[in-house]
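To start, the structure under review is shown below, and the notes come after it.
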Amino acid sequence: MPTLGIELCDAAFLAATCSNHDAQSLPVADAAGVIDWPGFAYHDGQKFHFGRAAEDQWFVHPRRVAHTFWTRLAHEPSTIGPAGKLAPFSELAFHFFQEFADRASTAAHSEKIVLAVPGTYLKDPATEEEKIGLLLGMAGELKLPLAGIVDMACAALCDPRGHGFNPALPVVVVDLHLEGADITLVGTEEHLERRDFIHLPHSGYAQLLKHLTATMGNRFLRHTAFDILEDGRIEQLFFRQTKDFLLNTAPEHRFQINTATRTYEMLAKREQLATDAAAFVATLVQGIQNFIHHSPHGAEPCTVALTDRAGRLPGLESKLRAAGFHRILRLPAGAAACGAARIGESRLKLPADLGDVPVETAVPIALARRSTAAAWEARLQKFRHSGGARPAPTHVILDGVGTALGTANRFTIGVPGVGADLALPDSFGTADDCTVPLVREGGRLWFVDTALRSGGGTVPPASARTAIDAGDRLTIRCGTTAVDFLFAHCGIANGARAHD
């Protein structure tokens, strides 16, 4: 029987199964057949509704809807419930989890369950004791075959469907929940291990969607002279269209509101959505930069792994690249659920007592989805001419832009993020180990052919070195991607005449 993994993200609960090391997402439909489980609860005066049914009442009956109970998982009272009796956050979470877990377990026919939990649940011993204790209580009450609880970021990097990451560098996982963003530094040495963590409040989907609904609504008012704020049900309908536009990849979306007398329409472009989200994205990128730069665990250089939720933010990836993060990995939807199921199937057994359920922030690196560097080659093409000796190069030119070679003993060309003097284009991102050294020795600059290096030694044989002259061309190729570097001599270098 398969192992069931459940991803406890209140932006959208997700499930997956793993059997024979093959992990697959598991669609879980609610009572209405909708496969969407945002962490919302709604009390209609008689009973509770959860997930999409509750989210659909957010703008209609805002005082009867709660969406912070997973973030604030505790015995404290929430803001909704029967008259005169507000339900605790833990009670809302229990009933939500009961409904989701029942449907997921029925669909999976699983023998054991592993939960992938947000990093905020494990940020310190006191928080972990409270929140994990409540989860264990829920599992006991529901008689779930719980085999383990694992940090969500670590689980996401174990999804066998992913593209994999370079294990030579740490990974910073960026995830979005309803009430904030989680940023986790994961070490990739002997274990895949959580090393550092920060939660950025006010950088979650709830805040972003409210903002986007308002800005798109104002644009709709200017375009159609119809105010979506006239009726909560209309605002709710507009919110649903805004959320669908945000989460899909369509370049445009036609907003449409039907009334008893006429239809109002507006065509919106994804560029407008990106503009509306720009301040949100800029704040998030600033938070990521500060976290990486100030982490005491050596986070630079690193790979930035975006969960599917984070990766759907318009402009986030380009903003990260502009900030100097060239190694960006997009994780599949439900990566933490698939990773949790994979971890459970591979190494977790059902304990005899719930008190013995392991809570893991480190897993064997063998379970991680690591990448294999793509094959690459570098060749120096000598400039053919009938004249005499040519001068030594002072610059190397890529795409019409020259970079001074300087006078240091070593000049390297390599993939972004490895500290090379000249970075290859982003299209070489799969060639993780691509570094081409140029060595200065005896007054000459030499190309070191990595294909001819001796037995792993650091000193290449003489046959592996070729002197570089002005006019020579270096070609680096990875698969179908290739780039040329031209070596040139400039008579005036750095404000002074270059020496031949």
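Number of residues in segment 212-225 that are surrounded by fewer than 19 Cβ atoms within 10 Å (Cβ to Cβ) and either of a type outside the set (A, V, I, L, M) or on the phi < 0 side of the Ramachandran plot (or both) equals 8. Residues in segment 90-98: is at least one in contact with a Gly (Cβ under 9 Å, 6 or more places away or on another chain) and under 18 Å from residue 199 (Cα atoms)? No, because not a single residue in segment 90-98 is in contact with a Gly (Cβ under 9 Å, 6 or more places away or on another chain) and under 18 Å from residue 199 (Cα atoms). In the set (1) farther than 30 Å from residue 424 by Cα; (2) open to solvent by 40 Å² or more (accessible area, probe 1.4 Å); (3) in contact (Cβ under 8 Å) with a residue 24 or more places away in the chain; (4) of a type outside the set (D, E, K, R), residue 255 fails one condition alone, (2).
When 300, 271 are screened for being modelled with pLDDT under 95, surrounded by fewer than 18 Cβ atoms within 10 Å (Cβ to Cβ) and acidic (Asp, Glu), only 300 passes. The residues in segment 233-248 that are outside any helix (DSSP H, G or I) and under 27 Å from residue 151 (Cα atoms) can be counted, and the count is 0.
Would you be able to say whether some residue in segment 336-359 is surrounded by fewer than 22 Cβ atoms within 10 Å (Cβ to Cβ), touching a residue at least 60 places away in the same chain (Cβ under 8 Å) and more than 19 Å from residue 146 (Cβ to Cβ)? Within segment 336-359, none of the residues are surrounded by fewer than 22 Cβ atoms within 10 Å (Cβ to Cβ), touching a residue at least 60 places away in the same chain (Cβ under 8 Å) and more than 19 Å from residue 146 (Cβ to Cβ). Within segment 308-331, the residues that satisfy the criterion of being in contact (Cβ under 8 Å) with a residue 24 or more places away in the chain, more than 8 Å from the chain's Cα centre (by Cα) and assigned to a loop (DSSP other than H, G, I, E, B) are 312, 313, 314, 315, 323, 325, 326, 327. Here residue 305 meets the list (1) free of Cβ contacts under 8 Å to residues at least 60 places away in the same chain; (2) surrounded by 15 or more Cβ atoms within 10 Å (Cβ to Cβ); (3) in a strand (DSSP E or B); (4) not basic (Lys, Arg) almost entirely, failing just condition (1). Scanning segment 436-482 for residues that are crowded, with 17+ Cβ neighbours inside 10 Å and either at pLDDT below 65 or touching a Gly at 6+ places or on another chain (Cβ under 6 Å) (or both) yields a single hit, 460. Of the residues in segment 112-125, not one is more than 27 Å from the chain's Cα centre (by Cα), farther than 16 Å from residue 136 by Cα and open to solvent by less than 30 Å² (accessible area, probe 1.4 Å). When we screen 237, 209, 247, 192 for residues that are closer than 30 Å to residue 165 by Cβ, touching a residue at least 12 places away in the same chain (Cβ under 8 Å), open to solvent by 40 Å² or more (accessible area, probe 1.4 Å) and aliphatic (A, V, I, L, M), the only hit is 247.
Where strands (runs of 3 or more DSSP E) fall wholly inside segment 332-403, the ranges with 1 or more residues that are touching a Phe, Trp or Tyr at 6+ places or on another chain (Cβ under 6 Å) and within 18 Å of residue 488 (Cβ to Cβ) are 377-381, 395-398. Taking the listed residues 15, 53, 41, the one that is closer than 18 Å to residue 236 by Cα and touching a Gly at 6+ places or on another chain (Cβ under 9 Å) is 41, with no other qualifying. Residue 168 fulfils the conditions (1) touching a Cys at 6+ places or on another chain (Cβ under 9 Å); (2) modelled with pLDDT under 95; (3) more than 30 Å from residue 1 (Cβ to Cβ) except for a single criterion, (1).
The values are calculated or read from the model by the stated rules, or taken from the named source; none is laboratory data. Keep in mind that what you see is a predicted model, and the values were worked out from it rather than measured. Cβ: placed from backbone, ideal geometry, glycine included. Neighbour counts: every protein chain shown. Note: accessible area is taken over every heavy atom of the protein model, side chains too, but ligands, DNA and RNA are not part of it. Shrake-Rupley method; radii C 1.70, N 1.55, O 1.52, S 1.80 Å.
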